[in-house]
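What follows is one structure encoded as structure tokens, with my remarks underneath.
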Amino acid sequence: QTASNYEKTENIYNMQEYEVKRGNTKDLEDRIKAGFADIFQTEPEVKEGHYSISYGSMKLLEVWAGEKNKTVFVDTVTDEAVLAMPDEEADGIILDTNKKFRQYLDLVTCFTTKERVKRAKKAAEKSE
């Protein structure tokens, strides 16, 4: 399955809440800002504690700290123009965006992708 076919089956709007690793809450705001500069090479627009950028296949990536910095909220909106491109053009953009997005989440939450998936599965099992 190509990246763009996978992406085309996903929701265009997607908001998630991610847990921040214990002991890493104090500098969360700094990591949110630094991640945009370090990973996406762009400065975010800041409005009422929300940081947002546009990058690759994301028309919008908006991030803000949750209560007591114990979680971080991430809202994304997919760029439909990228999805409309031929697969050979879109695949590189989508794969790059996904890679940088995962790196960003690793930095901000201090959990690896594998750890986040494991924690999300546990949380889902508890809520059933």
> Do you know the relative contact order of the stretch 21-101, to the nearest whole percent, from alpha carbon pairs under 8 angstrom that are 6+ apart?
Replying inline: 23 percent
> Between E89 and E45, what is the spin-label point distance in nm, taking each point 7 Å from the Cα along the Cα→C-beta axis?
Replying inline: 2.4 nm
> What number comes out for the charge environment of T112, summing +1 per Lys or Arg and -1 per Asp or Glu over other residues with Cβ under 11 Å away?
Replying inline: +4
>> Based on C-alpha coordinates, I'd like the Rg and Dmax of the chain, in Å.
In response: 15.0, 45
>> For F111, what residues show an amide H to amide H distance below 5 Å, using hydrogens built from the backbone and excluding near sequence neighbours?
In response: K21
> For the chain, what does -39500 (n - 2.57) per DSSP helix run (n ≥ 4), summed and divided by total residues, give at 222 nm, in deg cm²/dmol to the nearest 500?
Replying inline: -15000 deg cm²/dmol
>> Just want the answer: with Cβ charges of +1 for Lys and Arg and -1 for Asp and Glu, which residue in V46, N69, G56 is farthest toward the dipole's positive end in the chain?
In response: N69
>> Let me check something: with ligands and nucleic acids excluded, how do I32, I39 order by accessible area (1.4 Å probe), largest to smallest?
In response: I39, I32
>> Counting only protein heavy atoms and a 1.4 Å probe, tell me what percentage of the stretch 47-128's accessible area is made up of carbon and sulfur.
In response: 53 percent
> Hey, which aspartates and glutamates would be in cross-link range of K121, C-alpha to C-alpha under 18 Å, not counting anything within fewer than 8 residues on its own chain?
Replying inline: E17, E19, D106
> What do the square roots of 5 times the Cα gyration tensor eigenvalues come to for the stretch 55-121, in whole Å, largest first, as semi-axes of the equivalent ellipsoid?
Replying inline: 26, 14, 9
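The values are calculated or read from the model by the stated rules, or taken from the named source; none is laboratory data. Just so we're clear, the structure is a prediction, and the values are computed from it rather than from any experiment. Backbone-built Cβ (ideal geometry, glycine too); neighbour counts: all protein chains shown. Calculation scope for accessible area: heavy atoms of the full protein, side chains included, ligands and nucleic acids excluded. Shrake-Rupley method; radii C 1.70, N 1.55, O 1.52, S 1.80 Å.
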